[in-house]
Amino acid sequence: MLAPLATGFLTLLALIVAVGAQNAFVLRQGVLRHHVGVVVVICALSDAVLVMLGVAGLGAVVTEVPLALRVVQWAGVAFLATYGVMALRRAARGDALTAATEQASSVQRVVLTTLALTWLNPHVYLDTVLLLGSLAQAHGPDGRWWFGVGAALGSLTWFTVLGYGAGRVRAFLARPVTWRWVETGVGVVMLALAAGLALHAPA
């Protein structure tokens, strides 16, 4: 039980700890201290659902439906490209994250944004449903579920630390020059991912 649990936990962390639209949004909300708990819960629960679907074998089913993969890929291209351009525009403006000047978004808007960043990003399916789902199968009929539980706990741990930890370093992250580099990095990565998906997506 402990081996697949720990493996799932560490594997999820290895995949999720990277610059990305979802992480950047969680970080932003953490710095602003706006609806952090809501964002963390949605991200963690979404990952848990996707991981368990992958453990259950959904990945093998999805790969047999080319149309589904095509729709997800091109939706991902559009989404990642749009978010990347938005991030670069914020970087060009030199926007800083300050609770004093940033108007808090409504909880409904935060929920919708978090859901979009999670469920419209095709890489979340590649990482959770396909990759983690495949790795889980190596642990046997019972061990694969513990692998999934470990991965879900890894997601919850990461988003909790990211969201609530950001508030403790907000003075550093709120500096215009710091956030400009963060937004630039996010924008470049998102556009690169969009280009990669477009090049490999079927016509």
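The values are calculated or read from the model by the stated rules, or taken from the named source; none is laboratory data. Everything quoted here is computed from the prediction, not taken from an experiment. Because the Cβ atoms are built from the backbone with ideal geometry, glycine has one as well, and the counts that use them run over all protein chains shown. Side chains included, ligands, DNA and RNA excluded: accessible areas come from the protein's heavy atoms. Shrake-Rupley method; radii C 1.70, N 1.55, O 1.52, S 1.80 Å.
For the stretch 22-50, give me each residue that is of a type in the set (Gly, Ala, Ser) and more than 14 Å from the chain's Cα centre (by Cα). Walk me through it before giving the result.
Taking the stretch 22-50 as the starting set, the residues that turn out to be of a type in the set (Gly, Ala, Ser) are 24, 30, 37, 44, 46, 48.
Correct list: GLY30, GLY37.
Only one residue in VAL38, VAL51 is surrounded by 20 or more Cβ atoms within 10 Å (Cβ to Cβ) and modelled with pLDDT of 90 or more, so which one is that?
Numbers: VAL38 fails: surrounded by 20 or more Cβ atoms within 10 Å (Cβ to Cβ).
Of the residues listed, the single one that is surrounded by 20 or more Cβ atoms within 10 Å (Cβ to Cβ) and modelled with pLDDT of 90 or more is VAL51.
Any residue in the stretch 142-149 that is within 15 Å of the chain's Cα centre (by Cα) and without any contact (Cβ under 8 Å) to a residue 60 or more places away in the chain? Steps first, answer last, please.
In the first step, residues of the stretch 142-149 are kept if they are within 15 Å of the chain's Cα centre (by Cα); the result is none.
So far as the stretch 142-149 goes, no, none of its residues is within 15 Å of the chain's Cα centre (by Cα) and without any contact (Cβ under 8 Å) to a residue 60 or more places away in the chain.
When you scan the stretch 3-15, do you find a residue that is modelled with pLDDT under 85 and closer than 25 Å to MET86 by Cα, even just one?
There is at least one residue in the stretch 3-15 that is modelled with pLDDT under 85 and closer than 25 Å to MET86 by Cα.
Which residue pairs have Cβ atoms under 8 Å apart, sit 6 or more places apart or on different chains, and have a first residue in the stretch 169-188 that is without any contact (Cβ under 8 Å) to a residue 60 or more places away in the chain and a second that is open to solvent by 30 Å² or more (accessible area, probe 1.4 Å)?
Within 8 Å, the pairs are THR178/PHE172.
Yes/no per residue for (1) charged (D, E, K, R); (2) part of a helix (DSSP H, G or I); (3) within 23 Å of ASN121 (Cα to Cα):
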{"site": "GLY163", "(1), (2), (3)": "no, yes, yes"}
{"site": "GLY167", "(1), (2), (3)": "no, yes, no"}
{"site": "ARG170", "(1), (2), (3)": "yes, yes, no"}
{"site": "VAL177", "(1), (2), (3)": "no, yes, no"}
{"site": "THR184", "(1), (2), (3)": "no, yes, yes"}
{"site": "GLY187", "(1), (2), (3)": "no, yes, yes"}
{"site": "ALA192", "(1), (2), (3)": "no, yes, yes"}
{"site": "LEU197", "(1), (2), (3)": "no, yes, yes"}
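Report, by residue number, each residue of the stretch 100-121 that is open to solvent by 60 Å² or more (accessible area, probe 1.4 Å) and at pLDDT 85 or above.
GLN108, ARG109, LEU112, LEU115, TRP119 - these are the residues of the stretch 100-121 that are open to solvent by 60 Å² or more (accessible area, probe 1.4 Å) and at pLDDT 85 or above.
Within the stretch 161-200, can you find the residues that are open to solvent by 50 Å² or more (accessible area, probe 1.4 Å) and closer than 21 Å to ILE42 by Cα?
Across the stretch 161-200, the qualifying residues are VAL161, TYR164.
Say whether the condition of being open to solvent by 20 Å² or more (accessible area, probe 1.4 Å), at pLDDT 80 or above, aromatic (Phe, Trp, Tyr) and under 24 Å from PHE9 (Cβ atoms) is met by at least one residue in the stretch 127-147.
Within the stretch 127-147, one or more residues are open to solvent by 20 Å² or more (accessible area, probe 1.4 Å), at pLDDT 80 or above, aromatic (Phe, Trp, Tyr) and under 24 Å from PHE9 (Cβ atoms).
List the number of the failed condition for LEU97; all other conditions in (1) at pLDDT 80 or above; (2) more than 19 Å from the chain's Cα centre (by Cα); (3) open to solvent by less than 20 Å² (accessible area, probe 1.4 Å); (4) not basic (Lys, Arg) hold.
(1)
How many residues does the stretch 55-90 contain that are under 26 Å from ALA192 (Cα atoms), buried (at least 20 other Cβ atoms within 10 Å of the Cβ) and at pLDDT 80 or above?
Number of matching residues: 1.
Tell me, yes or no, whether the stretch 14-30 has at least one residue that is open to solvent by 50 Å² or more (accessible area, probe 1.4 Å) and part of a helix (DSSP H, G or I). Working first, answer last.
First, the residues of the stretch 14-30 that are open to solvent by 50 Å² or more (accessible area, probe 1.4 Å): 14-15, 17-19.
Still in the list and also part of a helix (DSSP H, G or I): 14-15.
Checked the stretch 14-30: at least one residue is open to solvent by 50 Å² or more (accessible area, probe 1.4 Å) and part of a helix (DSSP H, G or I).
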